[in-house]
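Contents: one structure, followed by commentary.
The values are calculated or read from the model by the stated rules, or taken from the named source; none is laboratory data. Model, not experiment: these values are computed from the prediction. What goes into the accessible areas is simple: the full protein's heavy atoms, side chains included, and nothing from ligands, DNA or RNA. Shrake-Rupley method; radii C 1.70, N 1.55, O 1.52, S 1.80 Å.
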Amino acid sequence: MFERHRTLYRYVIREFLKIFGLSLSSLILIYTVVLFFQKMNQFSKYNAPFHLILIYLLYKTPEVTIQWTLPYAVLLAILLTLGTFSRHSEITAMKAGGVSLYRITFPLFFVALMISFFSFLGNEYLVPITYHKTRYVLDVQVRKRELAGSFKNFKIWYRSDHRIMNIRLLDPHKKALNGFTLYQFDDHFQCTKRIDAREVKWVEGRWWFYDGTVRDFGEGGSTEIAPFEKIEFDLGEDWESLQRIGRSSGEMSYGELWTYIQNIQASGYDATRYLVDLYSKLSAPLLNLIMLLIGIPFALKTSRSGGVTMSIGISVMIGFAYAVIFYIFISFGKSGVLSPFLSCWTPTLLFGLAGIFTLMSIRQ
């Protein structure tokens, strides 16, 4: 079949890729301009030089491309490509030559699968690197903040004045630090106090420690140990300062995130929100294929009546509908209403089935 229709497949792929490249470039440009104006207040506040702004936007481009614009570029490209074929009666001519709609669109499914594959690879290897670099540019080079936190051996380390903090898990929703250890030093860098707590919470501007032990180290190696259920202690940092050092799922590859989840669960902490992000790394790339399934029927049904304006309108409508449903299910997953697996895969499966059924209803 491939040999017989090779010329046709090449033509369909070539036309699709031309429009896809233009659509993707346009969406990236629009998103980058929006991002620039979103960060404009911060750039102005810290008098960021132009080259740092440019570097920040360049480092942000892979994340913008892979996670936000790629599926919608596929959708827009399929609407415009098949719409153009239909308006120029090319699809009619192909059918007259004995080529079914499935064969006309077959090469596009192959291209969409390849885009999904490269989307996964980019999200796995490229995005974590550039995600970290954008945070460094914004926090250190633009805001002039010291890089006090680091992530080593799947733990968060934070250094402040005469103190080092070790955090197993930072929970932004509860404003809590889980698996917390504080080391306090004197001017000679001798450890004078250690506090271990299962959980530390930021409540009404104060830090509360739960279920732990305070160790005071005196001269001559003496140690005083005092267990506690709940105490207040001033860390010298507020929640806004510490939440910036949290390890985001976007900074980790699938393998790193899986290992991190295993470490969290082995320590007895809830890793639900990280499991949701883990499954999203698998389901999100398939959205490129889902958009193709949805776009083909819409392109063939509206091609003669709408043109470019109709295609853009449909893209916005479908993209908005998917985004709303996706984030609703993600919030259900992170709050525990749904399992992490179902919360990530349900929107993809729903839109995929809708696309398949609609495609099957199109006359061949």
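Key figures for this structure:
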item	result
Value in Å of the Kirkwood radius, where segment 250-297 supplies the Cα pairs that are averaged	12.2 Å
Globularity ratio of segment 216-364, using Cα Rg and 2.2 N^0.38 Å	1.64
Residue-level accessible surface for ARG206, protein heavy atoms, 1.4 Å, Å²	110 Å²
When the convex hull of its Cα atoms is projected in every direction, mean area for the chain (nm²)	22.9 nm²
Normalised contact order of segment 134-195, rounded percent, pairs of Cα under 8 Å and 6 or more residues apart	19 percent
Backbone HN-Hα couplings from phi across segment 167-173 [Karplus 6.51/-1.76/1.60, Hz, Gly and Pro as x]	10, 6, 8, 9, 9, x, 6
Of all accessible heavy-atom area on the chain, the percent that carbon and sulfur account for (1.4 Å)	61 percent
Relative contact order computed over the chain (Cα-Cα under 8 Å; 6+ residues apart), in percent	18 percent
Length released on extending from HIS51 to ALA354, taking residue separation times 0.36 nm less the Cα-Cα span	104.5 nm
Most to least accessible of GLU240, GLU146, GLU199 (protein chains only, probe 1.4 Å)	GLU146, GLU240, GLU199
Karplus-derived HN-Hα couplings along segment 325-331 (A = 6.51, B = -1.76, C = 1.60, θ = phi - 60°), whole Hz, x at Gly and Pro	5, 4, 6, 5, 5, 5, 5
Cα-only radius of gyration and Dmax that characterise segment 171-253, units Å	14.6, 47
Cα-only radius of gyration and Dmax that characterise segment 314-364, units Å	13.2, 45
Equivalent ellipsoid semi-axes, segment 24-174, via Cα gyration tensor eigenvalues times 5, rooted, Å	45, 20, 10
Volume of the Cα convex hull of segment 1-50, divided per residue and given in Å³	86 Å³
Overall Cα dimensions of segment 1-94, principal axis frame, Å, largest first	61, 26, 18
Kirkwood-Stokes translational diffusion coefficient of segment 142-202, alpha-carbon pairs, 20 °C, 1.002 mPa s, µm²/s	171 µm²/s
For TYR59, solvent-accessible area (1.4 Å; no DNA, RNA or ligand), Å²	80 Å²
Proportion of all alpha-carbon pairs of segment 71-129 beyond 20 Å (%)	41 percent
Hz values of 3J(HN,Hα) by residue in segment 52-68 - Karplus curve (6.51, -1.76, 1.60), Gly and Pro given as x	6, 4, 5, 4, 4, 5, 5, 5, 7, 4, x, 5, 4, 5, 6, 8, 10
Helical mean residue ellipticity (222 nm; -39500 (n - 2.57) per DSSP H run of 4+; nearest 500) of the chain	-19000 deg cm²/dmol
Accessible area of the chain divided out per residue, in Å², using a probe of 1.4 angstrom	52 Å²
Amide hydrogen neighbours beyond the local backbone of LEU338, cut-off 5 Å, H modeled	GLY333
Interchain or long-range residues, amide H under 5 Å from HIS162's placed H	none
